[in-house]
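Undergrad: If you scroll down you'll find the structure; I have some questions about it.
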Amino acid sequence: MTSIGATYRPHPFHWVPAAGQRHASADEHPPGASIYPAGTKVTTLCERTVKAATGDTAWLWETCPDCNAAARVRAGLSPVVGAR
């Protein structure tokens with residue numbers, strides 16, 4: 001069995017609620033953090049700089065279609081049909 005350490009990343013990006021949507025970013029989390037703390041500036045896969053939000057409601061925001069398409073490509077999947 002393989003040990004999963006602190007450096008385990010299932011994909012080369014993380015999801016982050018920010019600017020009213022769920023975005024994806026390849027930025028590293030701050031040391032010791034499993035999420036981007038509220039107010040952290042993050043560069044997204046849709047090429048925006050946003051400030052991370054936290055809270056249960058923020059994770060329920062709609063997914064940015066451009067980040068979703070870029071994240072799917074980085075994960076080795078085809079982009080979503082109709083994505084911009």
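Since every read-out is calculated from the coordinates, none of them should be taken as a lab result. Please read all numbers here as calculations on a predicted model, not as lab measurements.
Undergrad: Collect residues whose amide H, placed 1.01 Å from N in the peptide plane, falls under 5 Å from the amide H of Thr40; neighbours closer than 5 in sequence don't count.
TA: Close amide H contacts, sequence-distant or interchain: Ala52.
Undergrad: While we're on this one: Suppose the Debye formula is applied to equal point scatterers at every Cα of the range 8-83; what is log10 I(q)/I(0) at q = 0.21, 0.22 Å⁻¹?
TA: Rounded to two decimals, the profile gives -0.90, -0.98.
Undergrad: Please report the antiparallel percentage of the DSSP beta bridges confined to the range 10-84, to the nearest 5. Each step should come with its number before you reach the end.
TA: On the way: 9 of 10 bridges.
Roughly 90 percent of the DSSP beta bridges within the range 10-84 come out antiparallel.
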